[in-house]
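First the structure, in the form of structure tokens, and then the observations on it.
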Amino acid sequence: MFDSNPNLIQDGLRTNASRNAAPLVLFHDGGGTIFSYHLLDDLGRKVWGIANPRFKTRIPWDGGLREMGAAYAKYVATAVPYGPVILGGWSLGGVLAIETATVLAQSYPRIEVLGLVLIDSVCPVPPRDGWAGAEARLVKRHIEWPATTAPATKVSVEWCFGEAFRTVREWQLPIASLPPAVLIRCQEPVPVPDDGLLYVDLNRRDRHLGWDNYRPRMFCQVLDVSGNHYNVFAFDRLEEVTDLVKTACRTIESESKKAANG
């Protein structure tokens, strides 16, 4: 399922309306996989996923997110060689969408990125007073693996998380303009013992998850989803998440039409 990039998740053939909808390309989360996106219900459009192509080889991305964005732009162009497209992803996937959108705007003139859908992606830019106080409370996440998880998969996922943390902290955010963006924000922090805090919750109290520190008024819409960062794709939440992603895509298409009409 994940050995090919780009990976077709939904063919968009279930409804007539989907034929006129912009394709959606979703980038992998920090663990490097796109499994969660395959759990979503019909989004009313063609949906592609891009997994970390180095998941098995574990070759570091020495060029960081810039190198990843350049590689992933080629995958997007394979899936959608011309015309409109919406980019997005969960957690690191939203960050990758920003970087890839910048590459596409600069180097792929036949592709029009209508907008970005960030699913609980936390901005890596520190607040003005720094992260020192909050970071002192940071604890390491403990992954609870299903009994069926292969040892090699555990190693690759842990490696991907390490690469994600490194590359995000080293990332120089783009200064170029961005297309309209929608944030889907989890309402609850991840439960941890002893008043600790996970990195994904450093900006949890901020409705924009810290993105105003990078670009004020970045989002044309913020949508709240129940649950926390790591259970947002739980089976009992899939209908809610699906509806919110559909809403985000429709909002982006509406904003694009407004801009085209002046």
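Each reported figure results from applying straightforward, stated rules to the coordinates on display, with no laboratory input. This is a predicted model, so every value here is computed, not measured. Positions of Cβ are backbone-derived with ideal geometry, glycine not excepted, and every protein chain shown enters the neighbour counts.
Annotation for segment 60-82 versus segment 23-40: alpha-carbon center distance of 15 Å.
Ranked by how many other Cβ atoms sit within 10 Å of their own Cβ, fewest first, the residues Ser177, Ser36 fall in the order Ser177, Ser36.
In order along segment 197-210, phi translates into HN-Hα couplings of 8, 8, 4, 5, 10, 4, 10, 4, 6, 8, 4, 9, 6, x Hz, rounded to whole numbers, per the Karplus curve 6.51 cos²θ - 1.76 cosθ + 1.60 with θ = phi - 60° and x for Gly and Pro. Only Cα pairs under 8 Å and 6+ residues apart enter the sum, and on that basis the relative contact order of the chain stands at 20 percent. Other residues whose C-beta falls under 12 angstrom from the C-beta of His28 contribute a net charge of -1, scoring Lys and Arg +1 and Asp and Glu -1.
Remark: segment 115-262 carries a charge dipole of roughly 460 debye about the Cα centre, counting +1 on each Lys and Arg Cβ and -1 on each Asp and Glu Cβ. Report the calculated FRET efficiency for Asp236 and Arg110 (r = Cβ-Cβ distance, R0 = 51 Å), to the nearest 0.05. For R0 = 51 Å, the calculated efficiency reads 0.80.
Sites listed here are trypsin sites (Lys or Arg not before Pro) in segment 197-253 whose DSSP assignment is loop and whose Cβ has at most 11 other Cβ atoms within 10 Å: Arg205, Arg217.
Cβ-Cβ distance of Arg19 and Asp243, R₀ of 22 Å, FRET efficiency by 1/(1 + (r/R0)^6): the value works out to about 0.60.
What you get for segment 7-260, charging only the Cβ of Lys and Arg (+1) and of Asp and Glu (-1), is a dipole of about 680 debye around the Cα centre. Amide H to amide H distances under 5 Å link Leu223 with Leu183, Ile184, Arg185, where only residues 5 or more positions off or on other chains count and H is placed in the peptide plane. In order along segment 99-111, phi translates into HN-Hα couplings of 5, 5, 4, 5, 5, 4, 5, 7, 10, 10, x, 7, 10 Hz, rounded to whole numbers, per the Karplus curve 6.51 cos²θ - 1.76 cosθ + 1.60 with θ = phi - 60° and x for Gly and Pro. Residues whose amide H lies under 5 Å from that of Trp90, counting only those 5 or more places away or on a different chain, are Phe27, Ile119; hydrogens are built 1.01 Å from N in the peptide plane.
Converting phi to 3J(HN,Hα) with the Karplus coefficients 6.51, -1.76 and 1.60 and the offset θ = phi - 60°, segment 112-123 yields 10, 7, 6, x, 10, 10, 9, 9, 6, 8, 8, 5 Hz in sequence order, with x at every glycine or proline. Here's how it looks for Ile34: its modeled amide H is under 5 Å from none belonging to a residue 5 or more places away or on a different chain. Take the Cα of Ala259, go 7 Å toward its beta carbon, and the backbone nitrogen atoms of segment 177-211 under 13 Å from that spot belong to 177-182. For segment 43-107, chymotrypsin sites (Phe, Trp or Tyr not before Pro) are listed when DSSP marks them as loop and at most 13 other Cβ atoms sit within 10 Å of their Cβ; the list is Tyr82.
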